Amino acid sequence: MSGLWPPPSKRFVFVEEGPPGVGDVERLEVAVPEVLDPQYGMYVWPCAVVLAQYVWFSRNTVRGRTFLEIGAGAGLPGIVAAKCGASVILSDAAEIPNCLDNCRLSCQINKLEDVPVIGLTWGQISPDLVLLPQIDVILGSDVFYDTEDFENILTTIFYLIRKNPRALFWTTYQERSADWSIESLLYKWNLKCVHIPLETFEADEEFLAGSNLPGSHTIHMMMITFGTSVPSIT
């Protein structure tokens, strides 16, 4: 791994103010290591901040649920879920130990030593995938980056949701191409999605969680599940 070790941390502050006149403010601060390395999975991308904001906004229903973050890298959404009371498992490609080490460091920084970090490679039915406990929510930020990975990602999601029929896949992606689409693959794997407008969870801002991310990037949020309707987590 190139660069400094341990790497510097990037801080994010999630805030929700109470009704006018009440004065109550809920606040969560987390820090994640960020490695400026050719292994781009260890960098905090704009999608991660938007997905973490969705987790924060949903924190009252997150507590007590089991979350799995795939392609975690720096693990920001999963760390926020754990801080909000969820049971969280962080995962990244089994063949990229640097990413897994980065996830572990993120847990240490945030005093979450009980959060397991496992290697899960998209498209592979590995023992670690088979032995996962019941999962309520799968998290994935900017996993739909390389079109060559799309089929493998949805193969893994299909396996997880077939095993956990009420599980939801919360995912964010950055608009990089007008031709971007996973519709045909969703149809192939009998998966459906709904788009979640960013303004519904206060993520439609250039500066989010006290950072300069997502900036002017166009980010979208989707919820993927089986069937024709999306069940509620509540």
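Before we move on, is L154 under 16 Å from the mean Cα position of the chain (by Cα) and over 15 Å from L132 (Cα atoms)? The answer is yes for L154.
Of the listed requirements (1) modelled with pLDDT of 95 or more; (2) out of contact with any Ser or Thr (no Cβ under 7 Å at 6 or more places or on another chain); (3) not small (G, A, S), D101 misses just one: (1). Those helices (runs of 4 or more DSSP H) of the stretch 51-112 in which at least 1 residues are among the aliphatic types (A, V, I, L, M) and closer than 24 Å to N164 by Cα, considering only elements entirely within it, cover 59-62, 76-83. For the stretch 182-219, name all the residues that are more than 18 Å from the chain's Cα centre (by Cα) and among the acidic types (D, E). E183, E199, E205, E206, listed by residue number.
Would you mention how many residues in the stretch 106-122 are over 17 Å from the mean Cα position of the chain (by Cα) and surrounded by 14 or more Cβ atoms within 10 Å (Cβ to Cβ)? Qualifying residue count for the region: 1. Tally up the residues in the stretch 152-191 that are in a loop (DSSP other than H, G, I, E, B), modelled with pLDDT of 90 or more and open to solvent by 10 Å² or more (accessible area, probe 1.4 Å), please. Residues in the stretch 152-191 being in a loop (DSSP other than H, G, I, E, B), modelled with pLDDT of 90 or more and open to solvent by 10 Å² or more (accessible area, probe 1.4 Å): 5 in total.
Anything in the stretch 123-151 that is in a loop (DSSP other than H, G, I, E, B), open to solvent by less than 30 Å² (accessible area, probe 1.4 Å) and either charged (D, E, K, R) or in contact (Cβ under 8 Å) with a residue 40 or more places away in the chain (or both)? List them, or say none. Matches in the stretch 123-151: L132, I135, D142, V143. Determine whether R63 is without any contact (Cβ under 8 Å) to a residue 40 or more places away in the chain, at negative phi and either touching a strand residue (DSSP E or B) at 6+ places or on another chain (Cβ under 9 Å) or buried (at least 23 other Cβ atoms within 10 Å of the Cβ) (or both). In short, no. One residue alone among G227, G210 is open to solvent by 10 Å² or more (accessible area, probe 1.4 Å), touching a Phe, Trp or Tyr at 6+ places or on another chain (Cβ under 9 Å) and in contact (Cβ under 8 Å) with a residue 24 or more places away in the chain, and that residue is G210.
Can you tell which of A74, A94, A86 is open to solvent by 10 Å² or more (accessible area, probe 1.4 Å) and at pLDDT below 95? Answer to the check: A94.
The values are calculated or read from the model by the stated rules, or taken from the named source; none is laboratory data. These figures come from a predicted structure and were not determined experimentally. Heads up, the Cβs are rebuilt from the backbone with ideal geometry, glycines too, and the neighbour counts pull from every protein chain shown. Heads up: the accessible areas ignore ligands, DNA and RNA and are worked out on the full protein's heavy atoms, side chains in. Shrake-Rupley method; radii C 1.70, N 1.55, O 1.52, S 1.80 Å.
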